[in-house]
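Since the structure comes first, as structure tokens, the remarks are kept for the end.
The values are calculated or read from the model by the stated rules, or taken from the named source; none is laboratory data. Worth saying up front: this structure is predicted, and the values here are computed from it rather than measured. No Cβ is skipped: glycine too gets one built from the backbone with ideal geometry, and neighbour counts run over all protein chains shown. These area figures cover heavy atoms from the full protein model, side chains too; ligands, DNA and RNA do not enter into them. Shrake-Rupley method; radii C 1.70, N 1.55, O 1.52, S 1.80 Å.
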Amino acid sequence: MCGKIQDQANATEQDSAAVASEIGGSGTKPNPSSLAPINLDHGDPTAYETYWSKAGERSTITFTGDQSLSYFANAKNLCWFLEPKLEEEIRRLHHVVGNAKVDDHFIIVGNGSSQLIQAALYAVSPSDQPQPTSVVSAAPYYSAYQEVADLLRSGLYKWGGDAYSFNKDEPYIEMVTSPNNPCGMTREPVVNRPQGKIIHDLAYYWPHYTPITSQVDYDIMLFTVSKCTGHAGSRIGWALVRDKDVARKMVDLMVISTIGVSKESQLRAAKILGVISDSCLLDKSPGLENFFEYAQHLMAARWEKLREIVKVNELFSLTEYPSEYCLFTKEFTEARPAFAWMSCKSDHIEDTEKILRGHKILARGGKRFGSDPKYVRISMLSRDQEFNLFLERLSSIHGITSGN
């Protein structure tokens, strides 16, 4: 997700820009050195490159010059720029995984989740209110929600802050992120009042990040290719929307802003999603490892290494997750989120982001998530070289007695 980044003068952002080309910000594979900062501030999902390299021709798609010239993909569909093949593969993948009900929902494709969030906010905001509707989310909340809600200075909606603190007797929109970004915990609505509209952001509700404990069935559910498959560069997200009028208003916003979504990106995403579904069905793709099993093992190994270092270090602490039965894997497992929500236990340290930056680890501080600056969010989705260097640097932090 994107948006106007807060605190552009913040040292973390300055460091990120200064070393972007050196650590892979240009899109090239980095060659981490002992001198370069490691950027784990963002959630760039490059961890799955090895899997897709092995997939080879199975995940390859080509285009000829005469393909996809028209604006229209299916003029009879409410979302007329949605490629039929992508819709088919989205529905198929949700059926294979069992994480969300799709049969009675319209599918709206967007340029990543950011556009879908804007479209959903526009679609559910009351148009007859004298003041913009408050958009709230329970802290710690995804840091971009405030940016997205306030970016356009809309007369329809505005950022209202922490859902736990919202006590106004008026319409509101609550963003519910589950599993939550940044902390990885399962979330439910907090405000629970008749005047509210709920948007469920389910970007991380996939088996490699969390147990699939139910097949969710909400009015508006947002998903994204970037966190499901790792293909962030394709900028494809989708919304499952029950109400036809809401779905139509979401389409209206995207037509006005971008006149649809790239067909090349949609067809690539359809190919990738199809490979994942096939990999889960042994008779469909012999010789290709189940994607979710691969990603689960990768995330489990990374979390095990990180927890061991934190245990030995004794300066930091990590969120603990309960073991739950996963309907997809048919076994009990705990969450292995895409981000580590880490805090510093020392009374002498107030800003954990600053401490890590001093050891050339760029992360996102808790204040950006409406939380305590003693917390920090660290991406677990970097390439192996970066992740291993992060562990090495983290293990060297000890004996700190001040915040400097």
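General remarks:
- In the full protein context, the chain carries 44 Å² of accessible surface per residue, based on a 1.4 Å probe and ignoring ligands, DNA and RNA.
- Computed from the C-beta positions of TRP52 and ASP252 and an R0 of 41 Å, the FRET efficiency is 0.75 to the nearest 0.05.
- Helical runs (DSSP H, four residues minimum) scored at -39500 (n - 2.57) apiece and divided by the length of the chain put the mean residue ellipticity at 222 nm at -10000 deg cm²/dmol.
- Ranked by the mean number of other Cβ atoms within 10 Å of their residues, highest first, the peptides 371-382, 264-275 come out as 371-382, 264-275.
- Violating pairs (Cα-Cα greater than 25 angstrom) within the set LYS85/LYS284; LYS227/LYS330; LYS271/LYS305: LYS271/LYS305
- Amide H contacts of VAL216: ALA100, LYS101, each under 5 Å away and 5 or more positions distant or on a separate chain (H built 1.01 Å from N in the peptide plane; Pro and chain starts excluded).
- This model, with +1 at the C-beta of Lys and Arg and -1 at the C-beta of Asp and Glu, gives region 344-394 a dipole about its Cα centre of some 160 debye.
- Cross-link partners of LYS367 among lysines (Cα-Cα below 21 Å; sequence separation of 8 or more within a chain): LYS4, LYS158, LYS345, LYS354
- Using C-alpha pairs below 8 Å separated by at least 6 residues, the relative contact order for region 343-388 is 34 percent.
- Expressed as a whole percent, the accessible area of the chain that falls on carbon and sulfur atoms is 49 (1.4 Å probe).
- Highest to lowest packing among 70-77, 139-146, scored as the average C-beta count within 10 Å: 139-146, 70-77
- Most tightly packed first, judged by the mean number of other beta-carbon atoms within 10 Å of their residues, the peptides 304-311, 234-241, 246-253 read 234-241, 246-253, 304-311.
- In sequence order, region 137-154 has phi-based couplings of 7, 6, 6, x, 10, 4, 5, 7, 4, 5, 4, 5, 5, 9, 4, 8, 6, 5 Hz under the Karplus curve 6.51 cos²θ - 1.76 cosθ + 1.60, θ = phi - 60°, and Gly or Pro positions carry x.
- Cα Rg, Dmax (largest Cα-Cα span) when computed across region 237-350, Å: 20.8, 57
- Kirkwood hydrodynamic radius computed over the chain comes to 22.1 Å, based on all pairs of distinct alpha carbons.
- Each part reduced to its alpha carbon centroid, region 117-160 and region 313-386 end up 27 Å apart.
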